[in-house]
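Readers should treat all values here as calculations from the given coordinates under stated rules, not as data from a laboratory. Everything quoted here is computed from the prediction, not taken from an experiment. As a convention, Cβ positions derive from the backbone with ideal geometry for all residues, glycine included, and neighbour counts pool all protein chains shown.
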Amino acid sequence: MTNHPIRISTLPVIETTAQFNAAAMILLADVLFVGDTPRNMREHIKKNHGGFIYDKKTYIPITLTGAPASLVANAGTPIVFKFDNGFQNDYHFNGNLEEAIFHKKLYDLSDYMNEPSIQFEREEAFIVERYLAGVKKHIEPEQESKLLTPPVKMPAIGLKAMKGLKPVRK
């Protein structure tokens, strides 16, 4: 059992979908932009919820833990973060594992599976560098086209008038 907070920067990063599926427990780490709130709420979030300022915008680090299957099953479902005074903000995981692996958002937490509770150390510089300052655009690999399949479905005969001919009127 660990009583001290875990440093995310020291956890093993998941680098393939096979590692993701083999993990008993995973951590999804990311940031949530909360800069569209009134100034007093941003100050409250920084003070009470671990928020920080980067490039004149307010963010909070997000840590979601669970089984790999539950992350995939809940893809697209918004996760609501509720703050005081009725303010809330949603985080969406789109389910794109390749993109999450590319941005190093997934970590293997299998070693901490039997812990009653897990706390993470505040690593603002690491979070800023990995998820804000050092972010590169993820480009989906192009789908390989097959040589024997037509690129566009051929139109059915009779759906379009031929050029130069007029429809017959009755």
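Couple of notes before you dig in:
- Among the trypsin sites (Lys or Arg not before Pro) found in the stretch 1-81, those both in a DSSP coil and sparsely packed, with 15 or fewer other Cβ atoms within 10 Å of their Cβ, are 7, 56.
- Close amide-amide hydrogen proximity is noted between residue 109 and 25, 26, 27, each under 5 Å apart and 5 or more residues distant or on a separate chain (H modeled in the peptide plane; Pro and chain starts excluded).
- A cut-off of 5 Å between modelled amide H atoms, ignoring neighbours fewer than 5 places along the same chain, links residue 57 with no other residue.
- Charge tally around residue 105: other residues with Cβ under 14 Å, Lys/Arg +1 each, Asp/Glu -1 each, net -3.
- Across the cross-link table entries 46/82; 82/136; 47/82, which are compared at the Cα atoms, the separations over 22 Å belong to 82/136.
- For residue 62, the residues whose modelled amide H falls within less than 5 Å of its own, excluding neighbours fewer than 5 places apart on the same chain, are 30, 31, 32.
- Taken one residue at a time, the phi angles of the stretch 43-56 give Karplus couplings (6.51, -1.76, 1.60, θ = phi - 60°) of 5, 5, 5, 4, 6, 10, 10, x, x, 8, 9, 9, 6, 6 Hz. Gly and Pro are set to x.
- Phi-derived couplings, Karplus 6.51 cos²θ - 1.76 cosθ + 1.60 at θ = phi - 60°, listed residue by residue for the stretch 85-94: 6, x, 7, 9, 9, 10, 10, 10, 9, 6 Hz, with x used for Gly and Pro.
- Between the stretch 1-63 and the stretch 105-131, the C-alpha centres lie 8 angstrom from each other.
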